[in-house]
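Asks: Next up is a structure, given as structure tokens.
Since every read-out is calculated from the coordinates, none of them should be taken as a lab result. All values derive from a computational prediction rather than experimental measurement. Glycine gets a Cβ as well: all are built from the backbone with ideal geometry, and neighbour counts include every protein chain shown.
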Amino acid sequence: MDENKLSDKLKGAAKEVVGQAADDADLEHEGRAQQDKARAEEEAEQKEAEAAEARQEAAGHKGEERSRQQ
């Protein structure tokens, strides 16, 4: 997790708590949304990394097949 996403999560959590304490639904919602965005970005990065790994693995298997066929 990069520092930016961690920072967004922490800021979002703080906004959510302050919003709850101050009975400010808008601030609470903003905090939750900020946390959700950071989580979604993390998940997207993780899926991209998994896809890249799968592509590399598939490329390796294709190379093995070609060498067996020759």
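Asks: What number of residues within the stretch 20-56 satisfy the criterion of being within 17 Å of K5 (Cβ to Cβ) and among the polar types (S, T, N, Q)?
Replies: Number of matching residues: 3.
Asks: So the check is Cβ under 9 Å with 6+ separation or different chains; which pairs have a first residue in the stretch 16-37 that's in a helix (DSSP H, G or I) and a second one that's loosely packed, with under 14 Cβ neighbours inside 10 Å and among the acidic types (D, E)?
Replies: Close Cβ pairs (under 9 Å, with a partner that is loosely packed, with under 14 Cβ neighbours inside 10 Å and among the acidic types (D, E)) amount to G19/D26.
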